[in-house]
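The values are calculated or read from the model by the stated rules, or taken from the named source; none is laboratory data. Just so it is clear, the structure is predicted and the values come from calculations on it, not from any experiment. Cβ: placed from backbone, ideal geometry, glycine included. Neighbour counts: every protein chain shown.
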């Protein structure tokens, strides 16, 4: 499944050390002005983090986007938007030791079991490098959402990313199996290293007793403030209620250890390998823009579905 969305759809392709990665965006409304500088800025956030640090990877890609179709004179045409991002700073030989060895905590073993083979160079398709295409698609979605008065912001504490969506009207989402919170969880947990998801003003709102959890109405409340609290995170019954939508995504830290890892060889035996290559030792500041992008893709798709229904 390399396509996300039903109306506003993003299909991504490419591996960490392939020639290029990229995507095709379908369903984007025509006439949307593309902010190329904003896209470059968001890709820089994904590449370097909100606060650049020596703890992030030493791999230095330019992430220059080459636009192939769907945009004319700076505006979308309503046709598929295709783009590529070339991989210019690859050192594939650094990963030669991993050709026949599976690292703990990575997708090496599972990809091999699923497909019978894998690209061992930098994690291949399972690499976080793939998220660059999501940021491009998500930034375009956020631009369209901005025209609808909807904004998305995040903040992070360690590896917990809190995302807030403001301006989303009541009535977005669908009952039972296509809930707004379920769609946001699906999007968030598709990000590499994501391990948990929760909705609510606070990550542990679910711990509140039954007489404290319900958000009490404000008398004659209309507009963006309808309730005194927002324990439900702006979602009830899987549908937005007009309050800010708030959710939290937990990630595990980088698991590649520079001092060595016990890897599983193809014959099942274990061996200690000191990995080469360039890896993050802290990628927490690179995650917020990816969460924002996946949230934007989710909300844009649901809104366009709502408009078309």
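Return yes or no: is residue 122 under 16 Å from residue 192 (Cα atoms), modelled with pLDDT under 95, crowded, with 20+ Cβ neighbours inside 10 Å and under 14 Å from the mean Cα position of the chain (by Cα)?
Details: under 16 Å from residue 192 (Cα atoms): yes; modelled with pLDDT under 95: yes; crowded, with 20+ Cβ neighbours inside 10 Å: yes; under 14 Å from the mean Cα position of the chain (by Cα): no.
No.
With respect to residue 21, determine if the residue is at pLDDT below 95, under 30 Å from residue 153 (Cβ atoms) and not in a strand (DSSP E or B).
Working: at pLDDT below 95: yes; under 30 Å from residue 153 (Cβ atoms): yes; not in a strand (DSSP E or B): no.
In short, no.
Restricting attention to segment 273-309, which residues are more than 30 Å from residue 163 (Cα to Cα) and either at pLDDT 90 or above or touching a helix residue (DSSP H, G or I) at 6+ places or on another chain (Cβ under 8 Å) (or both)?
Across segment 273-309, the qualifying residues are 273, 275, 276, 277.
Scan 64, 59 and give me the residue that is exposed (fewer than 15 other Cβ atoms within 10 Å of the Cβ), modelled with pLDDT under 95 and more than 18 Å from the chain's Cα centre (by Cα). Spell out the reasoning first.
On the way: 59 fails: exposed (fewer than 15 other Cβ atoms within 10 Å of the Cβ).
Residue meeting the stated conditions: 64.
Exactly one of these conditions fails for residue 244: (1) under 19 Å from residue 157 (Cα atoms); (2) touching a residue at least 24 places away in the same chain (Cβ under 8 Å). Give me its number.
(1)
Residue 234 fails exactly one of the following numbered conditions: (1) crowded, with 23+ Cβ neighbours inside 10 Å; (2) closer than 24 Å to residue 17 by Cβ; (3) out of contact with any helix residue (DSSP H, G or I) (no Cβ under 8 Å at 6 or more places or on another chain). What is the number of that condition?
The number of the failed condition is (2).
Name the single residue, out of those in segment 100-119 being within 21 Å of residue 258 (Cβ to Cβ) and under 22 Å from the mean Cα position of the chain (by Cα), that is surrounded by the most Cβ atoms within 10 Å (Cβ to Cβ).
Among them, the one singled out is 108.
Filter segment 250-265 down to residues that are assigned to a strand (DSSP E or B) and farther than 21 Å from residue 185 by Cα and give me whichever is farthest from the chain's Cα centre (by Cα).
265
Only strands (runs of 3 or more DSSP E) wholly contained in segment 135-216 count here; list those with 3 or more residues that are in contact (Cβ under 8 Å) with a residue 60 or more places away in the chain and closer than 25 Å to residue 45 by Cβ.
Strands (runs of 3 or more DSSP E) meeting the threshold: 151-157, 160-166.
Can you tell me which residues in segment 160-174 are crowded, with 19+ Cβ neighbours inside 10 Å and at positive phi?
Within segment 160-174, just 173 meets the criteria.
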